[in-house]
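Just so you know, all these numbers are worked out from the coordinates, no wet-lab data involved. What you are looking at is a predicted structure, and each value in this text was computed from that prediction instead of being measured. We place every Cβ from the backbone using ideal geometry, glycine too, and count neighbours over all the protein chains shown.
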Amino acid sequence: MSLRVTQPGVLALLQDRGRFGQHRLGLTNGGPLDPTAFAWCNRLLQNPADATCVEVSFGGLHLEAGVDTSICLTGANMPLAINERECEPWEVHPVRAGDSIALGFAERGCRAYLGVAGGFEIPPSFGSAATVTREQIGGLHGGKLQAGDLLPCATRRDCQRLYLSAEQRPHYSSVATLRVIPGYQDHHFSRLQQRRLFSHAYAVSARSDRMGYRLEGPAIACDIDGILSEGICAGAIQIPPDGQPIVLLNDRQTIGGYPKIGSALSLDCAQLAQLTPGGAVYFAPITPYAAHNALHLARSYFNSQTVAERKP
Amino acid sequence: MELHSAGENALILYLGDSASPAVSTRVQAAAVAVEAALGADLIDLVPSYASLLIIYDPMATDHLAVRARVRACLATLAETAAEEGRCVVLPVYYHPEAGEDLEALAQRAGLSVDEVIAAHSGCEYRVYAIGFAPGFAYLGQVDERIAAPRLATPRQRVPRGAVAIADRQTAVYPAASPGGWNLVGRCPVRMFDPAAQPAMPVAVGDRVRFEPIDRARYLALGGEL
């Protein structure tokens with residue numbers, strides 16, 4: 001029992017929360033670029049928080065249901081149609097075997113999450129179903145979805161039709177401000193260079209992907225050319241010799257030898273990943289205390305939100 | 001020893017500023033100690049040449065508590081002798097048909113091919129770091145005479161098992177990938193096999209020795225040409 005991919009779109013990947021604790025084998029995290037939208041998808045479907053969804057970048061994914069179940073779409077504003085009838089995102093919709101599910105292209109944002117009641121049933125690799133194409137690990141075959149792929153899931157006819165009201169949904173814009181915890185080699189960047197980073201707009205380059213977002217703007221100079229290769233955490237801001245920052249994301253290499261000026265807050269990396277090339281990026285320094293508080297506030301806010309049920 | 005912020009839930013510990021067996025031993029010892037000290041609050045560790053990246057669960061603890069726990073566990077580190085890594089022997093078929101850069105590297109070094117093979121297989125290496133790709137182990141230090149810079153133009157495809165040199169590092173490619181290292185031979189042992197337990201024959205801190213084998217033995221061990 002499954003949903004069948006009839007058209008894969010630009011880039012659709014099976015993702016759970018990500019692969020953790022495997023860096024010592026050189027395995028990266030994978031997982032949703034926008035964990036908040038991913039979490040909403042599973043919450044509305046009343047799934048476990050780690051259930052596997054499809055991350056749809058840009059759009060264009062078409063599926064055919066081979067089972068009676070319910071689906072939900074969250075994240076980037078991507079038109080959703082079931083049997084060619086337009087349906088609300090951020091809402092659980094029942095589908096029957098034979099129904100067609102079609103996603104258009106994102107009008108705002110870049111990454112959307114399509115989930116199914118109970119989650120897609122993907123056997124874990126190294127503890128996770130997350131697909132990392134660079135490593136050819138996770139998902140069905142380690143790669144992006146292809147036409148004809150069968151996404152296994154169970155029959156579910158009892159899923160409540162929960163939805164998130166329009167006012168509660170995140171907004172996706174063409175600007176992101178990344179709060180940065182200075183660290184790593186920050187002392188090898190002069191005060192002038194740090195001010196330059198924190199006072200200019202950068203543009204998202206077309207050479208951005210799940211490994212990292214490359215930015216274009218005033219070049220940042222570092223006192224040193226390279227360092228002994230060391231571990232790179234999610235959100236790390238690497239400054240290669242050309243001075244153009246790269247924000248390293250879910251599929252980054254686990255070690256690297258370019259200097260780093262600090263790391264962006266995960267909540268803001270999610271906003272960054274919703275930008276398309278040309279989007280504007282600003283940086284603002286924060287303390288580790290403020291970062292810690294922001295994470296806890298975001299968790300508390302998510303948990304405090306109430307969802308409504310659509311009554312037929 | 002320095003402990004720096006790395007990110008919202010990460011600290012990086014520096015145990016030296018150069019690659020050496022002594023520093024690597026300290027990194028290994030610190031990794032063991034930090035893992036025990038943080039327990040379930042630890043999400044991941046990335047040991048490398050001279051540093052240890054510590055990633056913790058920010059919902060369970062915070063950077064101040066982690067700093068304190070890391071410092072406390074390292075205070076007693078000097079007294080606990082680091083466990084000596086295992087020694088893993090990897091067979092290598094050294095031949096121009098298996099290592100396309102072997103002859104050029106020998107010529108550049110002013111050595112015969114046999115002398116290059118003897119130099120590469122004649123010493124024990126240490127696994128300093130694993131990264132770049134799953135299972136890619138950085139081994140050092142290569143004999144100065146056969147150290148060679150990366151190729152000016154990286155190859156589009158280096159086969160799985162390729163044994164290669166870049167500067168004073170050497171490695172066995174765990175999977176076919178692009179690469180700019182100098183190829184000197186092939187190893188029939190898989191450096192990363194998702195189906196195997198463990199997935200890698202080596203871990204950071206282990207020692208590796210290369211053992212020259214002939215073509216027939218290479219093929220018998222499952223090597224491909």
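Suppose every Lys and Arg Cβ carries +1 and every Asp and Glu Cβ carries -1, with no other charges. What dipole size does the protein assembly as shown come out with about its Cα centre, to the nearest 20 debye?
600
By DSSP, what percent of the beta bridges with both residues in the range A:175-301 are antiparallel, rounded to the nearest 5? Numbers along the way, then the final one.
Details: 17 of 23 bridges.
Here the share of antiparallel DSSP bridges comes out near 75 percent.
Below 8 Å between Cα atoms, with a sequence gap of 6+, how large is the relative contact order for chain B in percent?
Worked out over chain B, it gives 21 percent.
Using the Karplus curve 6.51 cos²θ - 1.76 cosθ + 1.60 with θ = phi - 60°, work out ³J(HN,Hα) for each residue of the range B:45-52 in order, rounded to whole Hz, and write x for Gly and Pro.
Result, ordered by residue: 10, 10, x, 9, 3, 9, 9, 9 Hz.
Working only with C-alpha atoms, what are the Rg and Dmax values of the range B:139-225, expressed in angstrom?
Cα radius of gyration and Dmax of the range B:139-225 are 13.3, 38 Å respectively.
Considering Cα pairs under 8 angstrom that are at least six residues apart, work out the relative contact order of the range B:87-220 and quote it in whole percent.
36
Based on the Cβ-Cβ distance of A:F105 and B:D17, what FRET efficiency does E = 1/(1 + (r/R0)^6) give at R0 = 56 Å, to the nearest 0.05?
0.70
Taking other Cβ within 10 Å of each residue's Cβ, how do A:K144, A:K311 sort, fewest first?
Details: A:K144 19, A:K311 5.
Ascending number of Cβ neighbours within 10 Å: A:K311, A:K144.
When averaged across all projection directions, what area in nm² does the alpha-carbon convex hull of the protein assembly as shown cover? Kindly include the intermediate steps, with their values, before the conclusion.
Numbers: hull surface 101.6 nm².
Seen from a random direction, the Cα hull of the protein assembly as shown projects 25.4 nm² on average.
For Cα pairs less than 8 Å apart in space and 6+ apart in sequence, what is the mean separation divided by the residue count of chain A, i.e. the relative contact order in percent? Provide the component values of the computation, followed by the final result.
Values: 819 pairs, mean separation 63.0, N = 312.
Relative contact order comes out at 20 percent.
Which value in deg cm²/dmol, rounded to the nearest 500, describes the helix-derived mean residue ellipticity at 222 nm for chain B, given -39,500 (n - 2.57) per DSSP H run of n ≥ 4 and division by the residue count?
The per-residue figure over chain B is -7000 deg cm²/dmol.
With a length cut of 24 Å (Cα positions projected on each helix's long axis) and a Kyte-Doolittle mean of at least 0.5, go through chain B and give me the DSSP H helices that pass.
Working: long enough: B:21-38 (25 Å, 1.03).
Helices meeting the span and hydropathy rule in chain B are B:21-38.
Find how many whole Å separate the alpha carbon centroid of the range A:9-44 from the alpha carbon centroid of the range A:90-142.
Each part's Cα centre sits 10 Å from the other's.
Under the Karplus relation 6.51 cos²θ - 1.76 cosθ + 1.60, θ = phi - 60°, what is the ordered set of whole-Hz ³J(HN,Hα) values for the range A:226-240, x standing for Gly and Pro?
So the Karplus estimates, Gly and Pro as x, are x, 9, 4, 3, 9, x, 10, 8, 4, x, 4, 9, 8, 10, x Hz.
How much FRET efficiency would the formula 1/(1 + (r/R0)^6) give for A:E84 and B:A176, where r is the Cβ-Cβ distance and R0 is 30 Å, rounded to 0.05?
The formula returns an efficiency of 0.10 here.
Pop out the Kirkwood hydrodynamic radius of the range A:1-123 from its pairwise C-alpha distances, inverse of mean 1/r, in Å to one decimal.
Working: mean 1/r = 0.0697 Å⁻¹.
In the range A:1-123 this quantity evaluates to 14.3 Å.
Would you kindly calculate the translational diffusion coefficient of the range A:29-188, applying Stokes-Einstein with the Kirkwood radius from alpha carbon pairs, for 25 °C and a viscosity of 0.890 mPa s, and quote it in µm² s⁻¹ without decimals?
Reported coefficient: 148 µm²/s.
With θ set to phi - 60° and the Karplus curve 6.51 cos²θ - 1.76 cosθ + 1.60, what are the ³J(HN,Hα) couplings of the range A:277-283 in order, to the nearest whole Hz, using x for Gly and Pro?
Ordered by residue, 3J(HN,Hα) equals x, x, x, 9, 10, 10, 10 Hz.
In square nanometres, what is one fourth of the surface area of the convex hull spanned by the alpha carbons of the range B:1-128?
Taking a quarter of the hull surface, the average projection is 10.4 nm².
Suppose only helical runs count, i.e. DSSP H with n ≥ 4. What mean residue ellipticity at 222 nm does that imply for chain A under -39500 (n - 2.57) per run, divided by all residues and rounded to the nearest 500 deg cm²/dmol?
Mean residue ellipticity at 222 nm (helix-derived): -4000 deg cm²/dmol.
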